[in-house]
Amino acid sequence: MQTETTEVLLRHALEESGQRFTEQRAAVYRTLVATDQHPTADEVFLAVRHDLPGISLATVYKSLETLVGCGLAVKLTYGDGSARYDGRTDPHHHARCLACGRVTDIEGSLPGPQLDMLRERADGFLVTGYRLELSGYCPSCAPRASVSA
């Protein structure tokens, strides 16, 4: 049932965006929605290759960008040029480990008054959305980080 619902959602979003449904896009999307690990394109490629051995890395990249363009995935970019992908599009935040790069979900959203306060401080900037990411060290890396500090 879950796979059926996922495919219907994908077909609809692609159609609305003027894109074609392909098995490659479906495999990439299934991989994204089945994990909470925020994979890189390379990690998605390795996972999808189990189902579609002939898929290329370029096809995975194009599929990911198509899913982002259709609103079915979020691309999380960082100052070092790296990117991770999130199949969750509901409001939530992230915590990123500075040592291992792991990204985890944090449930919730900013309360309206706090968001309004930030909008007021934006000095005429038209706010259309926001992304909150906490950076630090995950439980596995925190002991090593405190030793090296």
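Laboratory data are not the source of any read-out in this text; all were calculated from the coordinates shown. Treat the numbers as computed from the prediction; the structure is a model and nothing was measured. Don't worry about glycine lacking a Cβ; one is built from the backbone with ideal geometry, like all the others, and counts go over all protein chains shown.
With +1 on the Cβ of every Lys and Arg and -1 on the Cβ of every Asp and Glu, and nothing else charged, how large is the dipole of segment 2-85 about its Cα centre, in debye rounded to the nearest 20? Kindly include the intermediate steps, with their values, before the conclusion.
On the way: 8 positive and 11 negative charges, 29 e Å.
For segment 2-85, the charge dipole is close to 140 debye.
Considering only His94, Ser140, Val127, and ranking their Cα positions along the charge dipole of segment 90-148 that arises from unit charges at the beta-carbon of Lys, Arg, Asp and Glu, the one farthest toward the positive end is Ser140. Charging the Cβ of each Asp and Glu at -1 and of each Lys and Arg at +1, and nothing else, the dipole of the chain about its Cα centre rounds to 340 debye. If you wrap the Cα atoms of segment 2-85 in a convex hull and average its projected area over all directions, you get 5.3 nm². What shape does the chain have by the C-alpha gyration tensor, where a ≥ b ≥ c are the square roots of the eigenvalues, rounded means a/c under 1.5, and otherwise prolate means a/b greater than b/c and oblate the rest? It is oblate, given that a/c is not under 1.5 and a/b is not larger than b/c.
Helix 23-33 and the longest principal axis of the Cα set of the chain meet at an angle near 30°.
The local environment of Ser56, defined by Cβ-Cβ distances under 11 Å, has a net charge of +2 under the rule Lys, Arg +1 and Asp, Glu -1.
When the Cα convex hull of segment 90-148 is projected onto planes of every orientation, the mean area is 5.5 nm². Phi-derived couplings, Karplus 6.51 cos²θ - 1.76 cosθ + 1.60 at θ = phi - 60°, listed residue by residue for segment 110-123: 5, x, x, x, 5, 5, 4, 4, 5, 4, 4, 6, 6, 6 Hz, with x used for Gly and Pro.
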